[in-house]
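Peer 1: First, the structure itself, so that you have it in front of you.
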Amino acid sequence: MTARPLAESRLPLPLLRRGKVREVYEVDADHLLLVASDRVSAFDVVMREPIARKGAVLTQISAFWFERLAGVVPSHYVSASTDEILERLPALRSRAEEIQGRSMLVRRTHPVPFECVVRGYLSGSAWVEYRTAGTLAGEALPDGLLESARLEPPLFSPATKAESGHDLNVTFETMATELGRELTTRLRDSSFALYRAGRDHAAARGIIIADTKFEFGLDREGALLLIDEVMTPDSSRFWPADQYRPGGPQPSFDKQPLRDYLAGLRSEGRWNGEAPPPPLPNAVVDATSRRYLEAYRLITGRELGESS
Ligand SMILES: Nc1ncnc2c1ncn2[C@@H]1O[C@H](COP(=O)(O)OP(=O)(O)O)[C@@H](O)[C@H]1O
Ligand SMILES: [Mg+2]
């Protein structure tokens, strides 16, 4: 079954949240169903055209990491197999095409209200902070680092989870004041362990995971679980390793065809960079889809099957 690209799911389950890209449904008191649509955003604007297979790529990359990193940190992951999910949720049988490959059954938690960002390269808001203040997450860094420089060791730069608007970068101390030092230290050390494992794995396969964001939650018994999505192109910066040149911004492994097209429109004065988005040519949509599939293939070493 070849699933059609999906702009948003509408399943017969209670909808808890519709994010920029994913829908979160309630399954029961202890489980959620996360459904990644094929929506894509660039420059913070969600495009109208869905990107074929993107949702399945995101979900199955997360599933790969949850399985592979289970020994590093326990997670909320239950299943990303559509057959298994339909087995457990027969009410969704008629919606098999809608959830195919893109859905993940997870254990429900109380999310920790901070994003645990790890940076192995100096980019984005971290580069802006360093350039203006010489610091990252409030801590001094050596002088003379270039934009996109590799950071060894990687740095922890947490952010608050803003309900609306942009997340706010905070220091380790701010987080420790709110959550306690013990939990904050565990979150930081778990994040480092996950990132190092992911960075090394991806680097050997041609993708630099420049930085990434982890989320954690506490289950009913108070156990700490890794939640949300893990080291996907949407929660991380993926760079093509063979094009890495410190001293400026790097191309995005997944979104560069889309960004280049939009940047072209902006420089010609044909788009102001804000919603509503411009229509995308098929060639741009297809090129972006191919990039996501390539990211899946490189990270996992497998082709994304039609049925996964
Ligand atoms: N196991 C879980 N338990 C509770 N909440 C979760 C779990 N996994 C993910 N979430 C939450 O689901 C939401 C997913 O929203 P998301 O699609 O990321 O939207 P946004 O665009 O706002 O980031 C996040 O708030 C995340 O913290
Ligand atoms: Mg999110």
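Peer 1: Enumerate the whole-percent occupancy of each 10 Å bin, from 0 to the last occupied one, for all C-alpha pair distances of the chain.
Peer 2: For the chain, the pair-distance distribution reads 6, 26, 35, 25, 7, 1.
Peer 1: Find out how many positive minus negative residues lie around Ala52, taking Lys and Arg as positive, Asp and Glu as negative, among other residues whose Cβ is under 11 Å from that of Ala52. It would help to have the intermediate numbers written out before the result.
Peer 2: Numbers: positive: Arg4, Arg53, Lys54, Arg290; negative: Asp38, Glu49, Asp286.
Combined, the nearby Lys, Arg, Asp and Glu give +1.
Peer 1: Can you pull the percent of the chain's accessible area that's carbon plus sulfur, 1.4 Å probe, other chains left in place?
Peer 2: Within the chain, the accessible surface is 50 percent carbon and sulfur.
Peer 1: Could you grab the relative contact order for the chain? Cα pairs under 8 Å, six or more apart, rounded to a whole percent.
Peer 2: Relative contact order here is 21 percent.
Peer 1: Give me Rg/Rg_expected for the stretch 153-233, where Rg uses Cα atoms only and Rg_expected = 2.2 N^0.38 Å with N residues.
Peer 2: The stretch 153-233 yields a ratio of 1.17.
Peer 1: Which one, Leu33, Gly301, Ala63, is farthest towards the positive end of the dipole of the chain when Lys and Arg carry +1 and Asp and Glu -1 on their Cβ?
Peer 2: Sorting the options by dipole projection puts first Gly301.
Peer 1: State, in angstrom, two size descriptors of the stretch 106-158 derived from its alpha carbons: Rg to one decimal place and Dmax to the nearest whole number.
Peer 2: Gyration radius and largest Cα-Cα distance of the stretch 106-158: 13.5, 45 Å.
Peer 1: If you find the alpha carbon centre of the stretch 92-162 and of the stretch 210-251, how far apart are they in angstrom?
Peer 2: Cα centroid of the stretch 92-162 versus Cα centroid of the stretch 210-251: 5 Å apart.
Peer 1: For the stretch 213-301, rounded, prolate or oblate, judged on the Cα gyration tensor with a ≥ b ≥ c (square roots of eigenvalues), a/c < 1.5 rounded, else prolate if a/b > b/c?
Peer 2: Here the stretch 213-301 falls in the prolate category.
The values are calculated or read from the model by the stated rules, or taken from the named source; none is laboratory data. Source: prediction; values computed, not measured. With ideal geometry, Cβ positions are generated from the backbone for all residues, glycine too; neighbour counts draw on all protein chains shown. Please note that ligands, DNA and RNA were not included when accessible areas were found on the heavy atoms of the full protein model with its side chains. Shrake-Rupley method; radii C 1.70, N 1.55, O 1.52, S 1.80 Å.
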